[in-house]
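Before any comments, here is the structure.
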Amino acid sequence: MSLAGRLYRAETTFDFVGNRRRWLAISSVLLLLSIGSLATRQLNLSVDFEGGTVVEVENPAGADVADVNDALSSIGRAGDTVQLVGGGTGIRVQTADLTVEVEDRLIAAIAGVAGVEVNDASVESVGPTFGDEVARSALRALIVFIVVIAVFISFRFEWRMAAAALAALLHDLVITAGVYSIIGFEVTPATVVAVLTILGYSLYDSVVVFDKVLEEIDYYGDERSIGDIVNLSMNLVLMRSINTSLTSLLPVGSLLFVGSYLLGAATLREFALALFVGIAAGTYSSIFVASPLVAVWKSKEEQWQRVDRKLARKASDEADAARVAAGTESERPPSRALDSAGRQATGAIARPPKRRKRKR
């Protein structure tokens, strides 16, 4: 039977727990790359978080980034961030908080190089206080979300499962932030909304797996080790996790690649990228991070250590019995054929019966 057929019938036997070192090694590499990029390149925070001024104009003159930088250098603004948006049809310049006089000179320089009127420029200014408040609100929402989820999973399941789920969440957050840092996409409030959404996907997969683990524990009791039970549970719900992720990744992928790149809807790019990377990372972490961690941590419990010792003794007894049976069979003498009277045949010629002498 093909792999797809076995997945559909939940008949796979993948050893997720036994290969946990491989999965954790992959996660470690991704985390190190993400943390390294965050430490060196950091995040490209939008004006909503850092405060400042954003000027956007149409670009009928077809100016490139170098032309805009030259125009900004002429007014002493060489360090401002310049981007071409809409496939080069627009220019976007982000700066720190400016005075009214400097802002007017900046708008005039950008409009001049783009070939538009000053009044055609779109200007958005955010003060540093407002930007700090947005950043604090986003962080506060994330912390509240994590605390509520930890309490719910601890109450519904147990604290070890809550810890594994939070480890998977942290895994997804760091990798998503690392991708943003490596690519250089701007982090906007829409990105925060997308991150909160992907955390829900990651938790959904983890909760489904944990629920199945508890169900199989109730069914098998102490007949199987916790590693075997987690493997069985994962194989039973694997197709469900794959289907859930695919049905989410396909429309998000269309939004990201078709909407933002082919159709030029750049405003969707930051939101769609966070969703795409987060859902993919969340699917990976719920299968290859959260579940093996639960198996490892629960195997330290006295209950499961007793089960392991019991299963080890049972396997040892069965092996001893098999060796004894094999030794007895090899040492047994070859059977002899029986004669018609049921006696063993020796191969010698039977003596004729002695005749009794009659007394006279």
In degrees, nearest 10, the alpha-carbon axis of helix 302-331 is tilted away from the dominant principal axis of the alpha carbons of the chain by 40
Counting Lys and Arg as +1 and Asp and Glu as -1 over every other residue whose Cβ sits under 9 Å from the Cβ of Val113, the net charge comes to -2
Candidates Pro251, Pro292, Pro189; GNM for the chain (alpha-carbon contacts under 10 Å) flags as most fluctuating Pro251
Amide H proximity to Thr81 below 5 Å, modelled H, separation 5+ or other chain, gives Gln94
Sorted on mean Cβ neighbours within 10 Å (highest first), peptides 102-109, 270-277, 239-246 come out as 270-277, 102-109, 239-246
Here P(r) for the chain, Cα-Cα distances in 20 Å bins, as whole percents, is 21, 37, 20, 10, 6, 3, 2, 0
Of all GluC sites (Glu not before Pro) in region 1-80, the ones in DSSP coil with at most 14 other Cβ atoms within 10 Å are Glu11
Heavy-atom accessible area of the chain with neighbours in place, 1.4 angstrom probe: carbon+sulfur share in percent works out to 59
Nearest-0.05 FRET efficiency for Val85 and Leu38 at R0 = 30 Å, using Cβ-Cβ distance, is 0.75
Expressed per residue, the solvent accessible area of the chain in Å² (1.4 Å probe) is about 58
The rounded separation in angstrom of the Cα centers of region 80-116 and region 295-320 is 68
Computed about the Cα centre, the charge dipole of the chain from +1 Lys/Arg and -1 Asp/Glu charges at the Cβ has a magnitude in debye, to the nearest 20, of 6220
Here the FRET efficiency for Arg105 versus Ser254, based on Cβ atoms and R0 = 45 Å and rounded to 0.05, is 0.60
In degrees, nearest 10, the alpha-carbon axis of helix 20-40 is tilted away from the dominant principal axis of the alpha carbons of the chain by 10
A student applying the Cα gyration tensor rule (rounded when a/c is under 1.5; otherwise prolate if a/b is larger than b/c, oblate if not) would label region 116-234 prolate
For region 191-244 the GluC sites (Glu not before Pro) that pass both the DSSP coil test and the at-most-14 other-Cβ-within-10 Å test are Glu223
Given Cβ charges of +1 for Lys and Arg and -1 for Asp and Glu, the option among Thr13, Leu45, Leu24 whose Cα lies farthest towards the positive end of the dipole of region 1-51 is Thr13
Helix 269-285 sits off the longest principal axis of the Cα atoms of the chain, rounded to the nearest 10 on a 0 to 90 degree scale, by 20
Cα-based Rg and Dmax for region 75-185, in Å, come out at 21.5, 64
Rounded to the nearest 0.05, FRET efficiency between Ala96 and Ala61 (Cβ-Cβ, R0 25 Å) equals 0.45
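The values are calculated or read from the model by the stated rules, or taken from the named source; none is laboratory data. Just so we're clear, the structure is a prediction, and the values are computed from it rather than from any experiment. Neighbour counts run over all protein chains shown; Cβ positions are idealised from the backbone, glycine included. Heads up: the accessible areas ignore ligands, DNA and RNA and are worked out on the full protein's heavy atoms, side chains in. Shrake-Rupley method; radii C 1.70, N 1.55, O 1.52, S 1.80 Å.
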